[in-house]
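**Q** There's a structure below that I have some questions on.
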Amino acid sequence: MTNGHLDVIRRATVLFDEVIVAVAGNPSKRSMFSLPERVGLIETSVTDLPGVTVATVEGGLLVDFCRRVGAVAVVKGLRSGTDFAYELPMALMNRHLSGVETVFLPGEPRFEHVSSSLIKEVAAHGGDVSGLVPEHVLARLLARVGRVGQTESGQPDAAG
């Protein structure tokens, strides 16, 4: 969960009465956190957003999940034209398969360079990713990459 994701979720709450953050496993990506851990991190991130729930997509296609929960649209944040080129064929296929539309929201420019994979890589090499992820995510991320006892800037804290 990055602050870019959170920004898109917040803006989706203005467009929809109910927003379900669908969390799925992707076999082509190496996740740093298990599916239940990711759900927990996201739930903590959205506690202040009324109408937002978090659910796990158990296998199958996203559109099957959308049908089960009665979703009318999938919301995707776009950072660049590259994201659009990647997401558009999926959006068209989802509509073909189910009639579920995709709503694209342009990302906040200050998060344009932020991706979860880049954040993990930078954090693992001692870089400062504070301000790019919620504080509770940052703490778990630093612990996972073995940087417990360091401040966000990578410096030892008074206790560590």
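The values are calculated or read from the model by the stated rules, or taken from the named source; none is laboratory data. Quick caveat, the model's predicted, so the values are computed rather than measured. Every residue, glycine among them, receives a Cβ derived from its backbone with ideal geometry; neighbour counts consider all protein chains shown.
**Q** Going through G70, G77 one at a time, which residue ends up being in contact (Cβ under 8 Å) with a residue 40 or more places away in the chain and either closer than 22 Å to S98 by Cα or in contact with a Gly (Cβ under 7 Å, 6 or more places away or on another chain) (or both)? I'd like the intermediate steps shown before the answer.
**A** Numbers: G70 fails: in contact (Cβ under 8 Å) with a residue 40 or more places away in the chain.
Residue meeting the stated conditions: G77.
**Q** Select from segment 33-43 the residues that are surrounded by 15 or more Cβ atoms within 10 Å (Cβ to Cβ), in a helix (DSSP H, G or I) and touching a residue at least 12 places away in the same chain (Cβ under 8 Å) and list them in ascending order.
**A** R38, V39, L41, I42
Residues checked against (1) surrounded by 15 or more Cβ atoms within 10 Å (Cβ to Cβ); (2) of a type in the set (D, E, K, R); (3) not in a helix (DSSP H, G or I):
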{"site": "L49", "(1), (2), (3)": "yes, no, yes"}
{"site": "G60", "(1), (2), (3)": "no, no, yes"}
{"site": "C66", "(1), (2), (3)": "yes, no, no"}
{"site": "M93", "(1), (2), (3)": "no, no, no"}
{"site": "H96", "(1), (2), (3)": "no, no, no"}
{"site": "T102", "(1), (2), (3)": "yes, no, yes"}
{"site": "S117", "(1), (2), (3)": "no, no, no"}
{"site": "V137", "(1), (2), (3)": "yes, no, no"}
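**Q** Can you tell me which residue is nearest to T102 (Cα to Cα) among those in segment 1-28 that are of a type outside the set (G, A, S) and loosely packed, with under 15 Cβ neighbours inside 10 Å?
**A** L15
**Q** Another one. When segment 143-160 is examined, which residues are found to be over 18 Å from I42 (Cβ atoms), surrounded by 15 or more Cβ atoms within 10 Å (Cβ to Cβ) and at pLDDT 55 or above?
**A** V145, R147 - these are the residues of segment 143-160 that are over 18 Å from I42 (Cβ atoms), surrounded by 15 or more Cβ atoms within 10 Å (Cβ to Cβ) and at pLDDT 55 or above.
**Q** May I ask you to verify whether V54 is of a type outside the set (S, T, Y), crowded, with 17+ Cβ neighbours inside 10 Å and not in a helix (DSSP H, G or I)?
**A** Answer is yes for this residue.
**Q** Taking only segment 11-24 into account, find how many residues are more than 12 Å from the chain's Cα centre (by Cα) and either assigned to a loop (DSSP other than H, G, I, E, B) or within 17 Å of G107 (Cα to Cα) (or both).
**A** Selection size over segment 11-24: 8.
**Q** Another question, if that's okay. So, in segment 68-85, of the ones that are out of contact with any Phe, Trp or Tyr (no Cβ under 8 Å at 6 or more places or on another chain) and part of a helix (DSSP H, G or I), which residue ends up nearest to L142 (Cα to Cα)?
**A** For segment 68-85, the residue satisfying everything is D83.
To keep it simple, each residue is scored yes or no on (1) among the β-branched types (V, I, T); (2) closer than 19 Å to S31 by Cα; (3) in a loop (DSSP other than H, G, I, E, B); (4) at pLDDT below 95.
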position: E87; (1), (2), (3), (4): no, no, no, no
position: H113; (1), (2), (3), (4): no, no, yes, yes
position: K120; (1), (2), (3), (4): no, yes, no, yes
position: L141; (1), (2), (3), (4): no, yes, no, no
